[in-house]
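Peer 1: This is the structure I have questions about; it appears just below.
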Amino acid sequence: MTKILMVCLGNICRSPLAEGILRDKAEKMNLNILVDSAGTSNYHVDEHPDHRTIKNAKGHNIDLSKLKARQFSENDFDNFDVIYVMDSSNFSDVISLARNKNEKQKVQLILEIIYPNAFISVPDPYFGGEDGFEDVFTILNNACEVIAQILRNKK
Ligand code: 4NP
């Protein structure tokens, strides 16, 4: 089983959405994976995803209402095979907690899966309007589709 962790800053917008999208694809494709998400900050620990994220995902038949935010910790390096981060600051925050080269190699900007070596970040929709949430859905749906295809080919 491949264990995948999605990481953003607050764990209430981008990473829970990435978690929900990939889990949905895995269920439909019958992939044997475990998906979770976490935030680099403790700002929203124990909160459900942002209401705009829940609403947007619901419009795509994905239920995020039961998820709860938690903070990333170095134990996550022991428990996950791949750690997909949403932006470059998440990347440096997570890398700074890695204890060795093997742990550093688990960390990848999620959009590298579509645009290798371009270092593109998933925009943070938190301070913007509702359109931003649909844009983030499209971006993460594309990235998770590629991740799911790669995992299927590994089976
Ligand atoms: P996320 O979005 O990292 O995609 O969950 C944010 C959520 C909250 C904050 C920033 C980004 N905040 O500053 O509280």
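The values are calculated or read from the model by the stated rules, or taken from the named source; none is laboratory data. A quick note: this is a predicted structure, and the numbers were derived from the prediction, not measured. Using ideal geometry, Cβ is built from the backbone for each residue, glycine included, and neighbour counts are taken over all protein chains shown. Surface accessibility is based on the protein's heavy atoms, side chains included, excluding ligands, DNA and RNA. Shrake-Rupley method; radii C 1.70, N 1.55, O 1.52, S 1.80 Å.
Peer 1: Can you name every residue in segment 108-151 that is more than 16 Å from the ligand (Cβ to nearest atom) and touching a helix residue (DSSP H, G or I) at 6+ places or on another chain (Cβ under 8 Å)?
Peer 2: Ile113, Ile114, Ala118, Phe119, Glu145, Val146, Ile147, Ala148, Ile150, Leu151
Peer 1: With respect to Lys58, determine if the residue is within 13 Å of the ligand (Cβ to nearest atom), more than 13 Å from the chain's Cα centre (by Cα) and charged (D, E, K, R).
Peer 2: No: the conditions fail for Lys58.
Peer 1: Another question, if that's okay. If I filter segment 136-143 for residues that are of a type in the set (S, T, N, Q), free of Cβ contacts under 8 Å to residues at least 12 places away in the same chain and open to solvent by 20 Å² or more (accessible area, probe 1.4 Å), do I get at least one hit?
Peer 2: Yes, because at least one residue in segment 136-143 is of a type in the set (S, T, N, Q), free of Cβ contacts under 8 Å to residues at least 12 places away in the same chain and open to solvent by 20 Å² or more (accessible area, probe 1.4 Å).
Peer 1: Next question, about the same structure. Identify all residues within segment 57-71 that are touching an Asp or Glu at 6+ places or on another chain (Cβ under 6 Å) and either more than 20 Å from Leu97 (Cβ to Cβ) or open to solvent by 20 Å² or more (accessible area, probe 1.4 Å) (or both); write none if there are none.
Peer 2: Matches in segment 57-71: Ile62, Lys68.
Peer 1: Exactly one of (1) open to solvent by less than 40 Å² (accessible area, probe 1.4 Å); (2) in a helix (DSSP H, G or I) is unmet by Pro125. Its number?
Peer 2: Here Pro125 clears every test but (2).
Peer 1: For Asn32, only one of the following conditions fails: (1) touching a Phe, Trp or Tyr at 6+ places or on another chain (Cβ under 8 Å); (2) farther than 13 Å from Phe133 by Cβ; (3) more than 8 Å from the ligand (Cβ to nearest atom). What is its number?
Peer 2: Result: Asn32 passes all but (1).
Peer 1: Then there is this: Being under 11 Å from Leu97 (Cβ atoms) and surrounded by 11 or more Cβ atoms within 10 Å (Cβ to Cβ) is the filter here, so list the residues in segment 72-83 that pass it. Don't jump to the end; show me each part of the working.
Peer 2: Let us first name the residues in segment 72-83 that are under 11 Å from Leu97 (Cβ atoms), namely 72-77, 83.
Hits for segment 72-83 are Phe72, Ser73, Glu74, Asp76, Phe77, Ile83.
Peer 1: Among the residues of segment 58-88, which ones are among the small types (Gly, Ala, Ser) and more than 14 Å from Ala38 (Cα to Cα)?
Peer 2: Gly59, Ser65, Ser88
Peer 1: So is Asp46 within 16 Å of Cys144 (Cα to Cα), within 16 Å of the ligand (Cβ to nearest atom) and open to solvent by 30 Å² or more (accessible area, probe 1.4 Å) or not?
Peer 2: Taking the combined requirement at face value, the residue does not satisfy it.
Peer 1: Regarding segment 2-11, can at least one residue be identified that is touching a Lys or Arg at 6+ places or on another chain (Cβ under 6 Å), within 12 Å of the ligand (Cβ to nearest atom) and not aliphatic (A, V, I, L, M)?
Peer 2: yes
Peer 1: So if I check each of Phe91, Phe80, Phe72, which one is modelled with pLDDT of 95 or more, touching a Lys or Arg at 6+ places or on another chain (Cβ under 6 Å) and over 21 Å from Phe137 (Cβ atoms)?
Peer 2: Details: Phe91 fails: touching a Lys or Arg at 6+ places or on another chain (Cβ under 6 Å); Phe72 fails: touching a Lys or Arg at 6+ places or on another chain (Cβ under 6 Å).
Checking each option against the conditions leaves just Phe80.
Peer 1: In the set Asn117, Asn90, which member is open to solvent by 40 Å² or more (accessible area, probe 1.4 Å) and either of a type outside the set (Gly, Ala, Ser) or without any contact (Cβ under 8 Å) to a residue 12 or more places away in the chain (or both)?
Peer 2: Asn117
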